[in-house]
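Colleague: Shown below is the structure under consideration.
The values are calculated or read from the model by the stated rules, or taken from the named source; none is laboratory data. Since we're looking at a predicted model, the values are computed, not measured. With ideal geometry, Cβ positions are generated from the backbone for all residues, glycine too; neighbour counts draw on all protein chains shown.
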């Protein structure tokens with residue numbers, strides 16, 4: 001991919017370089033001359049598997065690093081209105097990057113702010129000496145960078161809108177962000193390393209009296225393996241900060257470096273005393289921020305409190321700090337829970353608010369009726385409407401509910417979020433949780449997302465509909481397997497929220513009606529209680545899909561390649577563990593009770609690796625097509641139209657004791673186990689043959705036809721599908737057709753090889 005795409009981008013006028021994640025992997029990348037030959041060289045020496053970066057200079061990249069979606073939208077809109085639209089690259093939404101044509105020689109512009117949670121947001125114009133990731137996978141999300149609208153591979157640089165550097169400087173100075181955000185620094189154009197000692201003016205006044213804890217926090221992100229000048233500059237900053245204690249801090253930081261020499265810090269420290277050199281501590285703060293340092297938020301610091309005394313000390317800091325009303329209310333709720341944990345005595349929320357508020361709340365206004373339909377959930381930082389279960393950011397909540405807030409006598413008006421926070425009008429809950437065993441909306445400190453009111457009530461049974469469904473199921477998987485499968489479906493209705501601890505896997509061709517049974521469950525349980533999950537979603541590092549439903553239907557599952565065991569093993573705790581960790585994008589991971597069962601469909605008999613007869617997690621049934629006349633599926637889906645009738649039917653089915661312990665064994669599962677065993681044995685034989693080598697194979701490459709024939713002599717005949725499956729299982733991929741000794745051969749390789757390297761590896765050196 002790299003060679004072809006990089007060549008296209010280079011032809012379009014873009015200066016491409018290989019990057020690992022976001023970091024360039026070639027030396028002197030800022031200054032080297034990029035050529036076609038160099039791109040080809042990179043693609044052949046292993047860098048072709050990297051991401052593709054674009055070097056700035058002839059182009060600018062306007063990088064909007066705003067994690068707040070509402071703020072990001074406003075700032076991006078303002079920029080586009082001023083400078084026009086441009087290709088947009090998204091790696092981690094709502095952040096985005098726009099590409100424009102620029103002028104040589106201009107360096108970057110930057111402006112940053114820190115919100116109440118300690119999250120740093122900012123805008124950066126990347127110019128000469130910088131680069132950006134254009135194609136590949138984002139290192140944090142694991143997902144591909146995407147281009148909305150036109151991509152760089154479809155445009156030449158001269159087709160981009162031009163960008164005036166001086167006008168951007170003026171625009172950046174006028175960026176508007178929420179008043180609660182604190183600016184943490186900015187950079188002007190053409191700043192060199194020699195200027196670092198002069199940045200005191202960019203540092204906030206809050207750092208005038210820097211504590212040792214703060215200094216050590218800044219130093220934790222700085223590289224103690226840098227050159228001597230950098231090391232000495234850090235020492236000068238610490239000498240300026242505290243001529244006595246600074247030496248101890250510098251010594252501790254220096255010890256982590258590989259070039260550390262005992263006694264060197266003390267010797268150099270005395271030279272500072274003699275020379276009277278002054279470099280302000282502000283330089284350390286600036287360097288730390290440039291290196292990615294983020295101030296711990298009050299929430300983070302509260303998490304670290306280990307005693308009642310620590311909480312009370314922090315409360316005093318919060319009381320004197322500039323914290324908006326919503327955040328102060330949130331901190332009060334968290335602090336209330338923590339104090340109860342330390343003391344065992346409940347503390348009224350009003351008392352906690354007074355601890356952290358400079359003056360007591362002045363209003364005694366009655367709770368407005370409209371507030372009854374709202375709660376605030378800390379884990380998601382959202383206002384939740386109890387009627388719709390829709391979540392809103394503070395900005396969206398203000399827009400939706402602002403009409404409910406009356407104006408004061410002087411005509412001024414609070415935001416909705418400010419008003420409910422000041423008045424304590426809405427409940428603050430710690431997290432969302434799906435608890436189908438409870439009908440109440442609020443359970444402890446959780447908002448229960450299970451909607452008992454939307455589940456159909458059991459009604460009158462429909463024998464005709466039941467027979468249609470039964471006939472369909474028996475036609476697919478046979479009578480014996482139908483009994484087990486119907487018991488599993490019945491469990492979901494009768495014991496919703498309790499784990500079966502194994503998953504049914506229905507295997508069969510597309511279009512035969514396997515997925516119908518997911519729709520049957522939706523009818524009987526309510527559609528909001530049944531989720532649909534795609535194979536790609538399972539492979540994601542984020543697993544928010546694993547909560548919030550009673551049943552997840554995994555559609556067309558197919559685990560392939562050498563990592564299929566990793567993915568299969570990752571599914572196992574979801575089937576069995578009582579608690580699971582949820583990792584949602586943009587949120588801190590949290591643990592919930594596991595209440596979700598899994599129904600799996602696949603077109604492939606080898607979709608999951610089941611290796612032995614002791615497997616407890618999978619029940620397998622091979623589905624086959626049966627006679628289905630005109631209108632068959634219309635009639636079938638009409639049978640589940642009455643959710644109450646379906647629920648009554650499933651409630652009537654007897655479920656044997658111990659059903660939830662171990663997946664029953666049947667002929668389909670035996671077949672999967674035996675096939676997997678045969679493929680494992682075949683893999684062992686094949687790997688040994690590759691180590692030994694042959695005329696048409698080595699450990700690096702093999703001709704598929706000759707190698708397959710040799711394997712079949714040892715383990716028996718292989719179908720095309722089984723052979724390809726075996727090769728992929730060993731970690732090989734199909735590279736293509738290569739002409740060797742006058743004949744075309746389809747080859748498989750471990751890593752990419754050129755045609756000449758393939759011929760050489762197999763003992764042929766002719767030129768074709």
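Colleague: What do you reckon, is residue 375 in a helix (DSSP H, G or I), modelled with pLDDT of 75 or more and either under 30 Å from residue 582 (Cβ atoms) or out of contact with any strand residue (DSSP E or B) (no Cβ under 7 Å at 6 or more places or on another chain) (or both)?
Modeller: Criteria not met by residue 375.
Colleague: What do you reckon, is residue 396 in a helix (DSSP H, G or I) and over 19 Å from residue 590 (Cβ atoms)?
Modeller: yes
Colleague: Filter segment 399-422 down to residues that are touching a residue at least 12 places away in the same chain (Cβ under 8 Å) and assigned to a loop (DSSP other than H, G, I, E, B), then give me how many there are.
Modeller: 2
Colleague: Here's another thing I want to ask about it. Out of curiosity, is residue 682 at pLDDT below 80, touching a helix residue (DSSP H, G or I) at 6+ places or on another chain (Cβ under 9 Å), outside any strand (DSSP E or B) and over 24 Å from residue 555 (Cα atoms)?
Modeller: For residue 682, the condition - at pLDDT below 80, touching a helix residue (DSSP H, G or I) at 6+ places or on another chain (Cβ under 9 Å), outside any strand (DSSP E or B) and over 24 Å from residue 555 (Cα atoms) - is met.
Colleague: Now, a different point. Kindly indicate whether residue 261 is without any contact (Cβ under 8 Å) to a residue 12 or more places away in the chain, exposed (fewer than 15 other Cβ atoms within 10 Å of the Cβ) and assigned to a loop (DSSP other than H, G, I, E, B).
Modeller: yes
Colleague: Got a sec? Which of 144, 154 is surrounded by fewer than 17 Cβ atoms within 10 Å (Cβ to Cβ), within 28 Å of residue 381 (Cα to Cα) and free of Cβ contacts under 8 Å to residues at least 24 places away in the same chain?
Modeller: 144
Colleague: OK, next. Test of understanding: among 73, 61, which residue is modelled with pLDDT of 90 or more and not in a loop (DSSP other than H, G, I, E, B)?
Modeller: 61 is the lone residue from the list that is modelled with pLDDT of 90 or more and not in a loop (DSSP other than H, G, I, E, B).
Colleague: Might you check whether a residue that is surrounded by 13 or more Cβ atoms within 10 Å (Cβ to Cβ) and in contact with a strand residue (DSSP E or B) (Cβ under 7 Å, 6 or more places away or on another chain) occurs anywhere in segment 717-724?
Modeller: no
Yes or no, residue by residue, for (1) on the phi > 0 side of the Ramachandran plot; (2) in a helix (DSSP H, G or I); (3) at pLDDT below 80; (4) not assigned by TED's automatic domain parsing to the domain that holds residue 404:
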residue	(1), (2), (3), (4)
322	no, no, yes, yes
330	no, yes, yes, yes
334	no, yes, no, yes
341	no, yes, no, yes
351	no, yes, yes, yes
354	no, yes, yes, yes
371	no, yes, no, no
389	yes, no, no, no
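Colleague: Follow-up. Being modelled with pLDDT under 85 and in a loop (DSSP other than H, G, I, E, B) is the filter; apply it to segment 427-440 and report the residue that is surrounded by the most Cβ atoms within 10 Å (Cβ to Cβ).
Modeller: Only one residue fits best here, namely 430.
Colleague: Just need a number here: residues in segment 722-756 that are closer than 22 Å to residue 40 by Cα and either outside the structural domain of residue 675 (by TED's automatic domain parsing) or free of Cβ contacts under 8 Å to residues at least 12 places away in the same chain (or both).
Modeller: The number of residues fulfilling the criteria is 3.
Colleague: Working only within segment 159-180, note down all residues that are closer than 11 Å to residue 101 by Cβ and either under 32 Å from the mean Cα position of the chain (by Cα) or not assigned by TED's automatic domain parsing to the domain that holds residue 98 (or both).
Modeller: Result: 160, single match.
Colleague: Out of (1) surrounded by 14 or more Cβ atoms within 10 Å (Cβ to Cβ); (2) modelled with pLDDT of 90 or more; (3) in a helix (DSSP H, G or I), what's the single condition that is false for residue 450?
Modeller: Looking at each condition in turn, residue 450 falls short on (3).
Colleague: What's the number of the only condition in (1) assigned to a helix (DSSP H, G or I); (2) crowded, with 21+ Cβ neighbours inside 10 Å; (3) modelled with pLDDT under 95 that residue 506 fails to meet?
Modeller: The number of the failed condition is (1).
Colleague: Considering every residue within segment 10-25, establish whether at least one is part of a helix (DSSP H, G or I), within 25 Å of residue 753 (Cβ to Cβ) and either in contact (Cβ under 8 Å) with a residue 12 or more places away in the chain or in the same structural domain as residue 586 (by TED's automatic domain parsing) (or both).
Modeller: Checked segment 10-25: at least one residue is part of a helix (DSSP H, G or I), within 25 Å of residue 753 (Cβ to Cβ) and either in contact (Cβ under 8 Å) with a residue 12 or more places away in the chain or in the same structural domain as residue 586 (by TED's automatic domain parsing) (or both).
Colleague: Of the residues 444, 424, 478, which is closer than 30 Å to residue 512 by Cα and at pLDDT below 95?
Modeller: Checking each option against the conditions leaves just 478.
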